[in-house]
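Heads up, the thing below is written out as structure tokens.
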Amino acid sequence: MTTDEMHAVFKQWSDGELGSYLIEITADILTAQGENGLPVIDKILDKAGQKGTGKWAVVTALDVAAPLTLITEAVFARVLSSMKDERVLASRALKGPEVHFSGDRRTFIDELGKALYAAKIISYAQGYQLMRVAATDFGWKLNYGGIALMWRGGCIIRSALLAKIKNAFDLNPELANLLMDPFFTEAVAQSQASLRTVLREAIRSGIPTPAMSSALAYYDGYRSANLPANLLQAQRDYFGAHQYERVDMPRGVYFHSNWTGRGGETASTVYSA
């Protein structure tokens, strides 16, 4: 697509449910022209900088054990982009699939908008989950609906979704995850198929989509009553005697297996880093 065509898409998105500060300024950026009438965006080196806000959020999420996967992937995407010289060399040696799209472009753009909507909801859900975990750890009493109102007053994450977030916490101040609010549950249910479609096309074409991919992985993990983490616990107990809980015993009771027959019954202590 040309920058003018992309501008038209972002302008349309900014007037709808995807409306946000970053969508609005992206539409503006795509209209800016420099020397000889050429788009400014095409003259900017693809090497992102950062001042540390995202890194701070990621480090905090790791410290309090909250799955802030989208922002984490966004930070690492910036780091990867900064390796410009290495990427240029790698592009000459590492091969990927040919980028070829044979579908209907207008239909796919609609799918892309819905996919972005789902990913944005999941990102806000993760951010609020981080705040809730941090509030427990640090003894804070946070007004989650009020925080949404504050962001609406002027912030780079200002978004039409913030009004829905305020409504969600008005309805249930103890809401554990935004995805469990009826509006957001239904919104993601209606848009997740588009997210899967877009990611399939991106993977098929070798186009990196780290944040959107992590959004779907989080969603599928969060909605799973059972995950293969039992194997992780078995491996941890095998190599480090870190113990595990059992599905047929009360929670909080830990066990160790002598996996090789030679390890004896000595076990490590149970702790979370």
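A few remarks follow.
- The selection criterion, being of a type in the set (A, V, I, L, M), within 30 Å of Ser91 (Cα to Cα) and touching a residue at least 40 places away in the same chain (Cβ under 8 Å), holds for Ile207.
- Restricting the range 20-34 to residues that are of a type outside the set (Val, Ile, Thr) and in a helix (DSSP H, G or I), the residue that is farthest from the chain's Cα centre (by Cα): Asp28
- Of all residues in the range 25-71, those satisfying the criterion of being closer than 18 Å to Gly127 by Cβ and out of contact with any helix residue (DSSP H, G or I) (no Cβ under 9 Å at 6 or more places or on another chain) are Gly52, Thr53, Trp56, Val59.
- Here the condition is being out of contact with any Leu (no Cβ under 9 Å at 6 or more places or on another chain), over 18 Å from Gly113 (Cα atoms) and aliphatic (A, V, I, L, M); of Leu30, Leu38, Leu70, Leu62, it holds for Leu38 alone.
- Look at (1) surrounded by 12 or more Cβ atoms within 10 Å (Cβ to Cβ); (2) more than 24 Å from the chain's Cα centre (by Cα); (3) not in a helix (DSSP H, G or I) and you find that Glu17 fails only one, number (2).
- Remark: pairs (first residue in the range 236-253, without any contact (Cβ under 8 Å) to a residue 24 or more places away in the chain; second residue in a helix (DSSP H, G or I) and polar (S, T, N, Q); Cβ separation under 7 Å; 6+ apart in sequence or on different chains) = Tyr244/Gln233.
- Qualifying residue in the range 94-110 (condition: charged (D, E, K, R), assigned by TED's automatic domain parsing to the domain that holds Leu68, under 25 Å from Leu175 (Cα atoms) and surrounded by 10 or more Cβ atoms within 10 Å (Cβ to Cβ)): no
- The residues of the range 234-268 that are acidic (Asp, Glu) and part of a loop (DSSP other than H, G, I, E, B), listed by number, are Glu245, Asp248, Glu265.
- Test: residue in the range 259-269 that is exposed (fewer than 10 other Cβ atoms within 10 Å of the Cβ), within 30 Å of Leu178 (Cβ to Cβ) and free of Cβ contacts under 8 Å to residues at least 40 places away in the same chain: no
- The set of residues in the range 35-66 being in a loop (DSSP other than H, G, I, E, B), farther than 25 Å from Cys155 by Cα and in contact with a Ser or Thr (Cβ under 8 Å, 6 or more places away or on another chain) consists of Ala65 alone.
Okay, residues lined up against (1) of a type in the set (D, E, K, R); (2) more than 26 Å from Pro182 (Cβ to Cβ); (3) assigned to a helix (DSSP H, G or I); (4) out of contact with any helix residue (DSSP H, G or I) (no Cβ under 6 Å at 6 or more places or on another chain):
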site: Leu112; (1), (2), (3), (4): no, no, yes, no
site: Tyr117; (1), (2), (3), (4): no, no, yes, no
site: Lys120; (1), (2), (3), (4): yes, no, yes, yes
site: Trp140; (1), (2), (3), (4): no, yes, no, yes
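- Matching residues, the range 239-257, being farther than 30 Å from Leu179 by Cβ and surrounded by 14 or more Cβ atoms within 10 Å (Cβ to Cβ): Ala241, His242, Gln243, Tyr254, His256, Ser257
- Residue within the range 189-203 that is touching a Leu at 6+ places or on another chain (Cβ under 6 Å) and free of Cβ contacts under 8 Å to residues at least 24 places away in the same chain present: no
- The one condition in (1) outside the structural domain of Phe138 (by TED's automatic domain parsing); (2) modelled with pLDDT of 95 or more; (3) farther than 30 Å from Asn177 by Cα that Ala90 fails to fulfil: (1)
The values are calculated or read from the model by the stated rules, or taken from the named source; none is laboratory data. Quick caveat, the model's predicted, so the values are computed rather than measured. For neighbour counting, all protein chains shown are included, and Cβ atoms are generated from backbone atoms with ideal geometry for every residue, glycine included.
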